[in-house]
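A.B. asks: Sharing a structure with you now.
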Amino acid sequence: MPRTRTILLGGAAALCTAGALAFALVNDPAHDIRPGADARNPSCGRIAEESPRELGGRSREEVDLPGVAVWGDGDVVLRCGLPAPPPTTDPCFEAGGVDWVIDLKKSTRDRKVIVTYGRSPATEVSFAADMTTTDAAILGLSSTVAPLVEQTDRCIGPDGR
């Protein structure tokens with residue numbers, strides 16, 4: 001019987017350890033965030049490093065992923081190092097000298113996703129849909145992106161597209 005108790009106690013300890021690890025991973029703001037393929041590009045490092053400490057009323061989280069910045073426990077996620085989007089019919093707008101495209105394929109009811117247009121590497125930002133301060137956040141990010149990645153194309157033409 002002592003042998004059975006040892007096995008049961010060992011199994012319980014393993015379950016507790018696995019549970020604690022799963023809790024830490026689920027509550028880690030970097031969970032399920034993948035850096036862009038070109039995230040180690042020096043411009044991406046600077047964008048992530050020089051992004052505002054506070055964005056849309058949310059504090060920046062510490063994340064150890066190249067080209068990534070996170071605010072407000074994942075309310076805002078920036079990923080630099082993505083391929084530049086091709087010409088698209090998705091909605092586009094200019095903010096602070098940076099053209100942004102609303103990525104309709106990646107956006108959901110819970111998250112809105114925008115990506116820089118005409119800049120390589122591209123920067124993607126996703127926002128929790130319930131954020132009310134996205135305009136100010138986009139302007140803050142635009143002022144970081146604009147001087148670090150040259151714009152080579154525009155998404156807004158003479159007809160507003």
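The values are calculated or read from the model by the stated rules, or taken from the named source; none is laboratory data. What you see is a predicted model; the values in this text were computed from it and never measured. Neighbour counts are summed over all protein chains in view; Cβ atoms, including those assigned to glycine, are modelled from backbone coordinates with ideal geometry. To get the accessible areas, we keep the full protein, side chains included, count just its heavy atoms, and leave off ligands, DNA and RNA. Shrake-Rupley method; radii C 1.70, N 1.55, O 1.52, S 1.80 Å.
A.B. asks: Cα centroid distance between segment 106-153 and segment 43-93, in Å?
C.D. replies: So the two Cα centres are separated by 7 Å.
A.B. asks: On to the next question. Provide the solvent-accessible area of Phe93, counting protein heavy atoms only and rolling a 1.4 Å probe, rounded to the nearest 10 Å².
C.D. replies: Probe radius 1.4 Å; accessible area of Phe93 about 60 Å².
A.B. asks: So, one more: Given a 1.4 Å probe and every protein chain left where it sits, what share in percent of the accessible area of segment 74-123 is carbon and sulfur?
C.D. replies: Numbers: 1330 of 2300 Å².
The computed percentage sits at 58.
A.B. asks: For Ser107, which sequence-distant residues (separation of 5 or more, or a different chain) have an amide H within less than 5 Å of its own amide H, given hydrogens modelled in the peptide plane?
C.D. replies: Close amide H contacts, sequence-distant or interchain: Val113.
A.B. asks: Something else about it: Please sort 55-68, 74-87, 113-126 by packing, taking for each peptide the average over its residues of neighbouring beta carbons within 10 angstrom, highest first. Let's see the in-between values first.
C.D. replies: Numbers: 55-68: 17.4, 74-87: 20.1, 113-126: 22.8.
Order by mean packing, descending: 113-126, 74-87, 55-68.
A.B. asks: Along segment 136-142, what does the Karplus equation 6.51 cos²θ - 1.76 cosθ + 1.60 (θ = phi - 60°) give for ³J(HN,Hα), rounded to whole Hz, x for Gly and Pro?
C.D. replies: 5, 5, 5, 4, x, 6, 4
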